[in-house]
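Chemist: The structure that follows is given in the form of structure tokens.
The values are calculated or read from the model by the stated rules, or taken from the named source; none is laboratory data. As the structure is a prediction and not an experimental result, all values here were calculated from the model. Reconstructed Cβ throughout: ideal geometry from the backbone, glycine too, with neighbour counts over all protein chains shown. The area values use the complete protein model at the heavy-atom level, side chains included, leaving out ligands, DNA and RNA. Shrake-Rupley method; radii C 1.70, N 1.55, O 1.52, S 1.80 Å.
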Amino acid sequence: MTLIPARLLNGVSTLAIVCTQWGDTGKGKFVDFFAEWADIIARGTGGANAGHTIVIGGKTYVFHLVPSGILHDSAGKINVIGNGVAFDPRILIEELAILTQEGMSFNNLSIAHNARLVMPQHILMDRLRESSRDGSRIGTTGRGIGPAYVDHYARVGLTVNDMLNVDSLRRKLERNLAEKRKLLAHLDPLLIQQIMGHPHLGSGAFYHPSKFLDDDALIEQYRVYGQTLRLLIKDTDQMLRDAIGKKRVLLEGAQGILLSIDYGTYPFVTASDCSVQGLARGAGIRERHVDRTFGIVKAFYMTRVGEGPFPTEIGGDESARWCNDPLTTKDIEAKLFPNASVNSDDPFVQGIGIRRAGYEYGATTRRPRRTGWLDLPLLRYSLRYSGHDAILTKLDVLDQCEMIRICTSYRYDGPRYHIGEQQLDPGTTLRVAIPHTEVMRYCIPRYQIFSGWCRNTSDIKTFGELPTQLRELILFVAREAELNIVLLSVGPDREQIIAMETN
Ligand code: IMP
């Protein structure tokens, strides 16, 4: 079993793990790896839009809300769902039922009493917005995340604690729904009814023909959820603050910096701040309390789920359309492109080959993830918000790839555009990405091409044993993006981690 190199955590009391891309970079594996070291493992952002696969007793489960460290619960570690999380009690209760069924305990799980509550009206609003044909689709996961945060900032949100107090639950809910009903009255009632029939919305249990949402049914259900979870609901902000400097705290990021509401490729982002700053805040502590951050970088390809610019996408618009088509599934793709390989001449098919080699299908949505080459301008940008300590993951996915492209800069090819005092003209070179959609969509990647190593790396244990081409590529990326690479991952298992000798 790979041990955590002691030098990585010298003097560290609080460690954060965040993704530097658009999520799905293999963060869960490293949260699990460092959970062994930690006393407390806390989430501070996102919600059931995230998904991690956990294997229990040979069975594979996809969990959305329980922190990845829950499997270490029996070792007395505390798992925290922090105040910044968009919390859907229905989903957590389902996940806890699975853990119970598998004979696992979750006594050490704590839920922030002030976490934002996700309710059926949020899922309804999310799905209504996504069903519009006016080009405003984000390609969300449909879990109500955006609308729950919107309510928080609009000061009409509910919190986890409201489930414990029926009177205030009713008062706040009435206020919350009053605004929504005004909006809903202008929308297609049949569509509303249809969405309300979705299993994530209680299969119609909360639908009311004239009011759209049935207050009484919602209150009763959330009261019951509150009773079920009562013993887990705590002041986790205080718990975390008390632990700073005394206990080992691991902050588990969700999604990735390029999906951050504050720093990501807006508006094609999620609704929480996935940077270290957002993560610390959502866990109830300050960023300066974080002693070390490891940014996860999937290499040497990237993925994105949903809409939004992706300059290095393999297969370009054709790939984006295919992956974003609700009818595209993993099975259909396998049937139509049985021979897609990482070396296909047709870029669209090559993208499918890489997706298949990397199992790049959404854990939450099952959607195929769009695939592209590693984009250094975007990475250089993300590192501003994660720092330069990095873990490279999924290196083995391109083991059989004969030629690898790395995007080292962009050529801006759009109309004149001003960013503050900076002026972009056609032909401008960008070494660091500017995440404005108006810029990104005109960025043409400039690639450096490398020959692949065409050898299986998944059993390799040391950097020195890796094929020369791969070592050179790792050092090239480290140099180009000023990365301090500490660990490499060459497969999904815990054993498939290589520690860099000097960092
Ligand atoms: P939302 O978070 O469901 O509102 O979705 C907003 C955007 O973030 C969409 O493009 C989603 O595909 C993306 N997104 C949300 N969660 C994840 C994730 O865990 N992995 C990858 N993309 C995500």
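Chemist: For the Cα atoms of the chain, what angle does the longest principal axis make with the long axis of helix 89-101, in degrees from 0 to 90, nearest 10?
Modeler: 70 degrees
Chemist: With a 1.4 Å probe and every protein chain kept in, tell me what percent of the accessible surface of the range 315-382 is carbon plus sulfur.
Modeler: Roughly 54 percent, rounded to a whole number.
Chemist: Separation of the range 1-59 and the range 304-339 by C-alpha centroid, Å?
Modeler: When both Cα centres are located, 28 Å separates them.
Chemist: A further question on this structure: Roughly speaking, to the nearest percent, how much of the range 1-154's 1.4 Å accessible area is carbon and sulfur?
Modeler: 53 percent
Chemist: Would you kindly give the portion of the calculated P(r) for the range 1-159 that falls above 26 Å, as a percent of all Cα pairs?
Modeler: Pairs farther apart than 26 Å: 33 percent.
Chemist: A further question follows. On a 32 Å Cα-Cα criterion, which of the cross-link pairs K77/K180; K27/K182; K246/K394; K27/K246; K298/K330 come out too long?
Modeler: Violating the 32 Å limit, Cα to Cα: K77/K180; K27/K182; K246/K394.
Chemist: Using alpha carbons only, how many degrees (0 to 90, rounded to 10) separate the axis of helix 120-130 from the longest principal axis of the chain?
Modeler: The two axes meet at around 50 degrees.
Chemist: What is the percent carbon and sulfur in the accessible area of the range 425-503, measuring with a 1.4 Å probe over the protein chains and ignoring ligands?
Modeler: Roughly 49 percent of what the probe reaches on the range 425-503 is carbon or sulfur.
Chemist: In deg cm²/dmol and to the nearest 500, what is the mean residue ellipticity at 222 nm of the chain if only DSSP H runs of at least 4 residues count, each as -39500 (n - 2.57), divided by the residue total?
Modeler: Mean residue ellipticity at 222 nm (helix-derived): -9000 deg cm²/dmol.
Chemist: Need one value: the accessible area of W22 in square angstrom, 1.4 angstrom probe, rounded to the nearest 10.
Modeler: Taking all protein chains as shown, W22 has close to 10 Å².
Chemist: How large is ³J(HN,Hα), in whole Hz, for each residue of the range 257-273 in order, when computed from phi with the Karplus curve 6.51 cos²θ - 1.76 cosθ + 1.60 and θ = phi - 60°, using x for Gly and Pro?
Modeler: Karplus values, whole Hz, x for Gly and Pro: 4, 6, 9, 5, 4, 8, 10, x, 7, 4, x, 8, 9, 8, 10, 10, 8.
Chemist: Next up: Per residue, how large is the accessible surface of the chain? Use a 1.4 angstrom probe and give square angstrom.
Modeler: I get 41 Å² per residue for this part.
Chemist: About its Cα centre, how strong a charge dipole does the chain have in debye, to the nearest 20, once Lys and Arg get +1 and Asp and Glu get -1 at the Cβ?
Modeler: 680 debye
Chemist: Here's something else I'd like to know. Report the full-extension gain for the segment N456 to T429: residue separation times 0.36 nm, less the Cα-Cα distance, to one decimal in nm.
Modeler: Extra length from N456 to T429 when fully extended: 6.1 nm.
Chemist: To the nearest Å, what is the center-to-center distance of the range 173-220 and the range 404-462, using C-alpha atoms only?
Modeler: Measuring centre to centre over Cα atoms gives 44 Å.
Chemist: Can you give me the angle between helix 376-386 and the longest principal axis of the chain, using Cα atoms only, in degrees from 0 to 90, rounded to the nearest 10?
Modeler: Around 50 degrees separate the two axes.
Chemist: Going 7 Å from the Cα of H198 along its beta-carbon direction, which residues of the range 135-164 have the amide nitrogen within less than 12 Å of the resulting point?
Modeler: 139-147
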